[in-house]
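*Asks:* Pasting in a structure now, in C-alpha cells, and then I'll have a few things to ask.
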Amino acid sequence: MKKLTGQIAVITGGNSGIGFATARLFKEEGAQVVITARSPETFERARKEYGSHFDVIQTDVKDLKALDHLYAQVKEKYGRIDVLFANAGVAVFAPTELVDESFFNNQFDTNVKGLYFTVTKALPLLSPGARVILNASTVASKGLPGASVYSATKAAVRSFARTWAAEWGTQRRVNVLSPGPITTPIYQKLGMGAKDLEGFEAQMAQTVALKRFGTAEEMANVALFLASLDSSYLTGTDIIADGGFSQL
C-alpha cells in the first residue's frame, strides 16, 4: 500500500533539488502535491515542466502576502494540508569579515522569517495529526568556515522544531531534516565555474565518512519517512542525513 494515499502535501521550493525529488516521491506514494517556485522565471519553467503532475504556485516565502496567496489557493482547492515540507531556503557563504547587512538579511529573511511564517500561516489548514518537516542543515551543529550566517539560520530552524513540538503535542508532529553535502543546484548558484565546483565537491567529499555527496533522492526518502506513519513516534527530532560528515 502507498504511504501517502489521499494526503495533501505542500512543498515550498519544490521546483528543484531536494524539494522536487520529494515532490516526485510523495506523488508516487499517493499524495496530491502542491509545490512552490520563487521567481516568475522559475515558476513559469516549473509550470510548463511539472504542471501536469503538481499544482505549481509562485511564492517567495519572504513575502508574507505571497504566503497568504499560497494558502488561499490550497484552501480553495483542497481545504486542508496533511504534510507541509518547509524546504525553501538560500545558502550563501562568505568569511565573517565580509558579511554585510544585505548578506545577513537575505538569508535570515528567507531561511528564518520565511520558514517561520510558512509554517505558522499554514496552521489553520493543518489537519489533525499533520506532519510538518523543516529543512535545516548539518551545519546547524557543526562549524564550517564561511557559514556563520547560514549556520545560524539553520540553528534557528532546529530550535523552532523543539518549541513547536512542545507546543503542539498530539495535534501535529514536527521534525527536522538536516542534510549534509548533497548534489543539488544550490551549489551552482554560488557562482562557481564547472571546474571550481568539481574541485569543491571532491574536497568536501573527503570530509564525509562515506566519501561522497548525498543525492536529492536520498533526502526525499528521509522526508517520506517523516511524512508517513513510519515515523509515528517522532516529533521534535532532527534527522541528520549527512553521510557521517558531522561525526568526523
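Please treat every number below as a calculation from the coordinates, not as lab data. For clarity, every value in this text was computed on a predicted model and none was experimentally measured. Don't worry about glycine lacking a Cβ; one is built from the backbone with ideal geometry, like all the others, and counts go over all protein chains shown.
*Asks:* With respect to Val10, determine if the residue is within 14 Å of the chain's Cα centre (by Cα), in a strand (DSSP E or B) and under 16 Å from Leu125 (Cβ atoms).
*Replies:* Working: within 14 Å of the chain's Cα centre (by Cα): yes; in a strand (DSSP E or B): yes; under 16 Å from Leu125 (Cβ atoms): yes.
So Val10 fits the description; yes.
*Asks:* Find all pairs meeting these conditions: Cβ atoms under 9 angstrom apart; at least six residues apart or on different chains; first residue within the stretch 17-44 and closer than 12 Å to Thr59 by Cα and free of Cβ contacts under 8 Å to residues at least 60 places away in the same chain; second residue buried (at least 17 other Cβ atoms within 10 Å of the Cβ) and among the basic types (Lys, Arg).
*Replies:* Filtered contacts from the stretch 17-44: Ala37/Arg47; Arg38/Lys62.
*Asks:* A further question on this structure: Across the stretch 41-86, what is the total count of residues that are touching a His at 6+ places or on another chain (Cβ under 9 Å) and among the aliphatic types (A, V, I, L, M)?
*Replies:* Adding up the residues that qualify gives 1.
*Asks:* Of the conditions (1) in a strand (DSSP E or B); (2) surrounded by fewer than 21 Cβ atoms within 10 Å (Cβ to Cβ), Gln73 fails just one. Which one is it?
*Replies:* (1)
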